[in-house]
Amino acid sequence: MDDIILDVRNLKKYFPTPHGMLHAVDDVSLSICKGQTLGLVGESGCGKSTIGRTILRLIEPTSGEIYFEGSNILEVPKSQFKSMRRNMQFIFQDPYSSINPRLTVSQSIAEPLIVNKLASSKRELHELVLHYMEMVGLDHRLASAYPHELDGGRRQRIGIARALSVRPRFIVCDEPVSALDVSIQAQILNLLQDLQEQLDLTYIFVTHNLSVVKHISNEIAVMYLGQIVEKCRTEELFERPLHPYTRALLSAILVPSPKARNKKREILKGEITSPINPAPGCRFAKRCNYATAACAEAGCELRDMGGGHMTSCARVNAGELKWD
Amino acid sequence: MSERLLEIRDLEVQYLTMGSTVRAVNGLSLVLNKGETLGVVGETGAGKTTLALSIMQLLPKKIGRIAGGSIVFAGQSILDASAREMRSVRGDEIAMIFQDPMTSLNPVMTIGDQVAEMLELHSEGRDKKEISDKVDALLEMVGIPAERKEEYPHQFSGGMRQRVVIAIALACNPTLLIADEPTTALDVTIQAQVLEMMEDLKTRLNTSMLLITHDLGVVAAMCDSVAVMYAGRIIEYGSVDQIFESPLHPYTIGLFNAIPSLEGKTHRLIPIEGLMPNPAELPQGCSFHPRCTKCMEVCRHQSPPDFDEGGHTVACHLFGADKEGA
Ligand SMILES: Nc1ncnc2c1ncn2[C@@H]1O[C@H](COP(=O)(O)OP(=O)(O)O)[C@@H](O)[C@H]1O
Ligand SMILES: Nc1ncnc2c1ncn2[C@@H]1O[C@H](COP(=O)(O)OP(=O)(O)O)[C@@H](O)[C@H]1O
Ligand code: SF4
Ligand SMILES: [Mg+2]
Ligand SMILES: [Mg+2]
């Protein structure tokens, strides 16, 4: 493979709860090449944000290895990690959770520049702030506005400017457009794509929106209850989904066209179950329309079904389930 | 033969807040026929929830007021109804589902009791046993095992709570169901379950529905006709086929262009530049003109009338007699 920037191996993050151990992320491995976007999709609670947070060490993993540009960042002492963190940034769904409401737009963007000592003078700081405001399409007029005076799209631009200001090489975008209306969502998606091209950025793009993830990603990992159940190139996933969960997910998308109305939908039974002390076997088995008794015991390992198309469904891997 | 159930004409709704008048609904007209599902689509702030609250007469007291127009439901003027008459309309005739199910659920009452309460309000002389059986049946109908009726709302997931709300709404067997973003907060596979159930119930009970959403996919799947709302007004109205196959208004076309397509690869999205106007300071002329790529001189000064062709209505100067240079 060429130029892998991030390589995550056997990542686990368990949370102790009063009812037992919650397996938020359970043995996830993934890697991304420089300049690419990996989409992480799945329903709420499947562990997408937890993966993003552990990769940036906003929370410490239970176990696993995370190689960024070749070095295992988990072996770097926390005190030294700060300078590495600059290269790896996070964009949040709700900019309110990351932006201090008492700071103006320019103060907000200046903050990471000051913390990381990226400006040598007041003047340079001011110029850099204006530079990043321009880059994300925030009018200079807004420099002294407060976040609450701005709409969601503009607040998201502040978050993006803050992340960019430290010149990262890798960004985890956690549902950055999920709270936005479609006309504004399109503006932000275009912006993220332009910045990626200009600055050669690598993204992990977390979302539950399948049309957004299809649009923005080169590769997609589908998650279910803390595990990746399928992973492959974007076009391949939409043309030839293999895992029954992926198939149900794609079938549940409501295409904005009345012609799609007659399409037979696959409706899943039940709901996502609790990730606390999960039983062995396939975690999707309870809701799966194709489960057999054996699925509850199957060792569901990701396997390459050809051309890097990985899936963990034991029945697909055994050749028992074939889709036309 | 289609029979009118709800007819709204030139509705104006305002919120009076510190020193300013928020014009949330501005001359909105629409018609809903019996048995029909009408989708109302629009982005945040378009006035969708205000429209629903106006029909239900649930606008916030003192702040919200209907400044003009009429709402006629089943031949009766809702705006002239007394508070008592409205209470019975809300119970018996029109039910509403909100985006957040907790808006309609009582957190300290079991879900079974909440369904039963609604049934008791709407059926004289039924005995306890009858009501209890009906509660079980309604819960089963929305896919919740009757054994769970002694549980409280917090013991259910978001999708299940929304289904409890639907069961309560159906307990009064309404003629009209107003659903305001009923699946927006749900995961796609759960959304699919809830929508399938709503569709099934609608056909079984022949309920008419006003389905409010910002999701064009939900509209395509569920609705017979569509009203596109912008800055408090319906700017385009037509059958699902008309709106999706041949949208006319620049805003509607813009919405379709802004959504990433699932078929084929779009390299770049075409956003609608600018923002929704502030309803306290609506622009002159067509409210969409500051964002419109087709804006003409007349658009800046004159509000476009509705132009109608074969039931497909559009409020835009590009059409009809106003057409410039045509
Ligand atoms: N700090 C925490 N303590 C306990 N449980 C947590 C914590 N953070 C997340 N979880 C749980 O971990 C699981 C995965 O959560 P999350 O990564 O936020 O999912 P997603 O982003 O896919 O919606 C969920 O069951 C969530 O409740
Ligand atoms: N209680 C209120 N007081 C003042 N303004 C309000 C109130 N409720 C809604 N608005 C304003 O009215 C407009 C329409 O809101 P709403 O009907 O909620 O739109 P939608 O449901 O389409 O997002 C918005 O600009 C909103 O800010
Ligand atoms: S009336 Fe004018 S400004 Fe308004 S949508 Fe039509 S062309 Fe655009
Ligand atoms: Mg998340
Ligand atoms: Mg609303």
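Divide by every residue of the protein assembly as shown the summed helix terms, -39500 (n - 2.57) for each DSSP H run of at least 4, and state the resulting mean residue ellipticity at 222 nm, rounded to the nearest 500 deg cm²/dmol.
Counting only the DSSP helices, I get -9000 deg cm²/dmol.
Expected output is a single nm value to one decimal: the length gained when fully extending between A:LYS263 and A:ASN190, i.e. 0.36 nm times separation in residues minus the C-alpha distance. What is it? Let's see the in-between values first.
Working: separation 73, 0.36 × 73 = 26.28 nm, distance 3.07 nm.
23.2 nm is the gain from fully extending A:LYS263 to A:ASN190.
For chain A, with only Lys/Arg (+1) and Asp/Glu (-1) charged at the beta-carbon, what is the dipole magnitude about the Cα centre, in debye rounded to 20? Please report the intermediate quantities before stating the final value.
Details: 39 positive and 36 negative charges, 120 e Å.
Computed charge dipole of chain A: roughly 580 debye.
How do B:ILE235, A:ILE272 stack up against each other in accessible area, from largest to smallest, with a 1.4 angstrom probe?
Descending order: A:ILE272, B:ILE235.
Specify the longest stretch of chain B that does not include any exposed loop site, a site being one of the trypsin sites (Lys or Arg not before Pro) with a non-H, G, I, E, B DSSP assignment and at most 14 other Cβ atoms within 10 Å.
By the stated rule (loop sites, at most 14 other Cβ atoms within 10 Å), B:127-264.
Once the piece of chain linking B:LEU121 and B:THR203 is laid out straight, how much longer is it, given 0.36 nm per residue of separation minus the C-alpha distance between them?
Residue separation times 0.36 nm, minus the Cα-Cα distance, leaves 27.1 nm.
Restrict the search to the range A:1-83; then list the GluC sites (Glu not before Pro) that DSSP places in a loop and that have at most 16 other Cβ atoms within 10 Å of their Cβ.
A:GLU69
What residues have an amide H closer than 5 Å to that of B:LEU5, excluding those fewer than 5 places away on the same chain, when H is modeled at 1.01 Å from N in the peptide plane?
For B:LEU5, the qualifying residues are B:LEU32, B:ASN33, B:LYS34.
Would you work out which of A:ILE5, A:CYS282, A:ALA179 lies farthest towards the positive end of the dipole of chain A, given +1 charges on the beta-carbon of Lys and Arg and -1 on that of Asp and Glu, about the Cα centre?
After comparing all options, I get A:ALA179.
What is the pair-distance distribution P(r) of the range A:163-213, computed from all Cα-Cα distances in 5 Å bins starting at 0, with each bin given as a whole percent?
Taking every Cα pair in the range A:163-213, the percentages come to 5, 19, 30, 26, 14, 5, 0.
What's the carbon and sulfur percent of the protein assembly as shown's accessible surface, probe 1.4 angstrom, rounded to a whole number? If you can, show how the numbers build up before the last one.
Working: 14460 of 28880 Å².
It is 50 percent, rounded to a whole number.
So, with +1 on the Cβ of K and R and -1 on the Cβ of D and E, and no other charges, what is the size of the charge dipole of chain B about its Cα centre, to the nearest 20 debye?
Numbers: 28 positive and 43 negative charges, 160 e Å.
Charge dipole, chain B, about its Cα centre: 760 debye, nearest 20.
Compute the angle between helix A:105-115 and the longest alpha-carbon principal axis of chain A, please, reported from 0 to 90 degrees and rounded to the nearest 10.
90
Within chain B, what percent of beta bridges assigned by DSSP are antiparallel, to the nearest 5?
65
Going by alpha carbons, how many degrees (0 to 90, nearest 10) lie between the helix axis of B:128-141 and the longest principal axis of chain B?
Around 50 degrees separate the two axes.
For chain B, take the longest principal axis of its alpha carbons; what is the angle in degrees between that and the long axis of helix B:111-121, to the nearest 10 within 0 to 90?
80
Provide the gained length on full extension for the span B:ASP10 to B:GLU263, in nm with one decimal, where the gain is 0.36 nm per separating residue minus the Cα-Cα distance.
Working it through step by step, the gained length comes to 87.2 nm.
From the backbone phi of the range A:196-210, what are the Karplus-calculated ³J(HN,Hα) couplings (6.51 cos²θ - 1.76 cosθ + 1.60, θ = phi - 60°) in whole Hz, Gly and Pro given as x?
4, 5, 5, 10, 6, 7, 10, 10, 9, 10, 8, 6, 9, 9, 6
Between the range B:175-195 and the range A:1-64, what is the separation of their alpha carbon centroids in Å?
31
State the number of lysine pairs found in chain B whose Cα atoms come within less than 20 Å, restricting to pairs 8 or more positions apart or on distinct chains.
Numbers: B:LYS34/B:LYS202; B:LYS48/B:LYS61; B:LYS48/B:LYS62; B:LYS128/B:LYS149; B:LYS129/B:LYS149; B:LYS134/B:LYS149; B:LYS134/B:LYS202; B:LYS294/B:LYS323.
Count of close lysine pairs: 8.
Which ³J(HN,Hα) values, rounded to whole Hz and listed in residue order, are derived for the range A:135-145 from phi using the Karplus coefficients 6.51, -1.76 and 1.60 in 6.51 cos²θ - 1.76 cosθ + 1.60 with θ = phi - 60°, glycine and proline given as x?
Coupling constants for the range A:135-145: 4, 9, x, 9, 4, 4, 3, 7, 3, 9, 7 Hz.
With charges only on Cβ, +1 for K and R and -1 for D and E, what is the dipole size of the protein assembly as shown about its Cα centre, in debye, rounded to 20?
On the way: 67 positive and 79 negative charges, 295 e Å.
The dipole of the protein assembly as shown has a size of about 1420 debye.
Using the alpha-carbon centroid of each, what span in Å lies between the range A:186-241 and the range A:81-139?
25
Give the long-range amide H neighbours of A:VAL229: residues separated by 5 or more places, or on another chain, with amide H under 5 Å away, using H modelled in the peptide plane at 1.01 Å from N.
When sequence neighbours closer than 5 places are left aside, the close amide H contacts are A:VAL222, A:MET223, A:TYR224.
Keeping all protein chains in position, work out how much accessible area B:PHE98 exposes to a 1.4 Å probe, and write it in Å² to the nearest 10.
Surface open to solvent at B:PHE98 totals about 50 Å².
If contacts are Cα pairs under 8 angstrom and at least 6 residues apart, what is the relative contact order of chain A in percent?
On the way: 559 pairs, mean separation 66.0, N = 324.
After rounding, I find 20 percent.
Among A:124-134, A:103-113, B:307-317, what's the highest-first ranking by average C-beta atoms within 10 angstrom per residue?
Order by mean packing, descending: A:103-113, B:307-317, A:124-134.
Taking a cut-off of 17 Å between Cα atoms, list the lysines near A:LYS269, but don't count ones fewer than 8 places away on the same chain.
Counting by Cα, and skipping residues close in sequence, A:LYS269 has these lysines nearby: A:LYS286.
If you keep only loop residues by DSSP, which GluC sites (Glu not before Pro) in the range B:1-102 have at most 14 other Cβ atoms within 10 Å of their Cβ? Could you put the intermediate results ahead of the total?
Working: sites: B:GLU3, B:GLU7, B:GLU12, B:GLU36, B:GLU43, B:GLU85, B:GLU93; in loops: B:GLU3, B:GLU36, B:GLU43.
Sparse-neighbourhood loop GluC sites (Glu not before Pro): B:GLU3.
Say each of B:LYS294 and A:SER120 gets a label point 7 Å from the Cα, pointing the same way as Cα to Cβ; how far apart are those two points in nm?
Once both label points are built, they end up 5.5 nm from each other.
For chain B, what relative contact order do you get, as a whole percent, if you take Cα pairs closer than 8 Å and at least 6 residues apart?
20
Charges on Cβ only, +1 for Lys and Arg, -1 for Asp and Glu, centred on the Cα centroid of the protein assembly as shown; of A:PRO244, B:ALA52, A:ALA260, which one is farthest towards the dipole's positive end?
A:PRO244
Please report, to one decimal in angstroms, the Kirkwood hydrodynamic radius of the protein assembly as shown built from all distinct Cα-Cα pairs.
27.0
Would you mind giving the total buried accessible surface between chains B and A, with a 1.4 Å probe and ligands, DNA and RNA left out, rounded to the nearest 100 Å²? Before the final figure, lay out each step's value.
Details: alone 16440 and 16050 Å², together 28880 Å².
Accessible area lost upon association: around 3600 Å².
Whose amide H sits under 5 Å from the amide H of B:ILE178, counting only residues 5 or more places off or on another chain, with H placed in the peptide plane?
HN-HN under 5 Å from B:ILE178: B:ALA95, B:MET96, B:ILE97, B:LEU210.
Averaging over all projection directions, find the projected area of the Cα convex hull of chain B and quote it in nm² with one decimal place.
In nm², the orientation-averaged hull projection of chain B is 19.3.
What whole number of Å gives the distance from the Cα centroid of the range B:46-88 to the Cα centroid of the range A:284-324?
Their Cα centres are 54 Å away from one another.
Leaving ligands and nucleic acids out of the surface, order A:MET310, B:MET209 by accessible area at 1.4 Å, largest first. Walk me through the numbers on the way to the answer.
Working: A:MET310 45, B:MET209 5 Å².
Result, largest first: A:MET310, B:MET209.
Can you give the Rg and Dmax of the range A:102-160 based on its C-alpha atoms, in angstrom?
Final numbers for Rg and Dmax: 10.8, 32 Å.
To check you understand DSSP bridge types, tell me what percent of the beta bridges within chain A (both residues inside) are antiparallel, rounded to 5. Please report the intermediate quantities before stating the final value.
Details: 29 of 47 bridges.
Around 60 percent antiparallel, to the nearest 5.
Taking R0 as 30 Å, what FRET efficiency do you get between B:SER88 and B:GLU245 from their Cβ-Cβ distance, rounded to the nearest 0.05?
Working: r = 41 Å, r/R0 = 1.38.
Computed FRET efficiency for B:SER88 and B:GLU245 comes out at 0.15.
Of B:VAL228, B:ASN173, B:SER239, which is farthest along the charge dipole of the protein assembly as shown in the positive direction, counting Lys and Arg as +1 and Asp and Glu as -1 at C-beta?
Of the options given, the answer is B:VAL228.
Quick check on the range B:216-288: take the gyration tensor over C-alpha atoms, sort the square-rooted eigenvalues as a ≥ b ≥ c, and tell me if it's rounded (a/c under 1.5), prolate or oblate.
Note, shape of the range B:216-288 comes out oblate.
How much accessible area per residue does the protein assembly as shown have, counting only protein heavy atoms and a probe of 1.4 Å, in square angstrom?
44
The values are calculated or read from the model by the stated rules, or taken from the named source; none is laboratory data. The model shown is predicted, which means the values in this text are computed figures rather than measured ones. Virtual Cβ from ideal backbone geometry, glycine too; neighbours counted across all protein chains shown. The accessibility values were calculated without ligands, DNA or RNA, using every heavy atom of the protein model including side chains. Shrake-Rupley method; radii C 1.70, N 1.55, O 1.52, S 1.80 Å.
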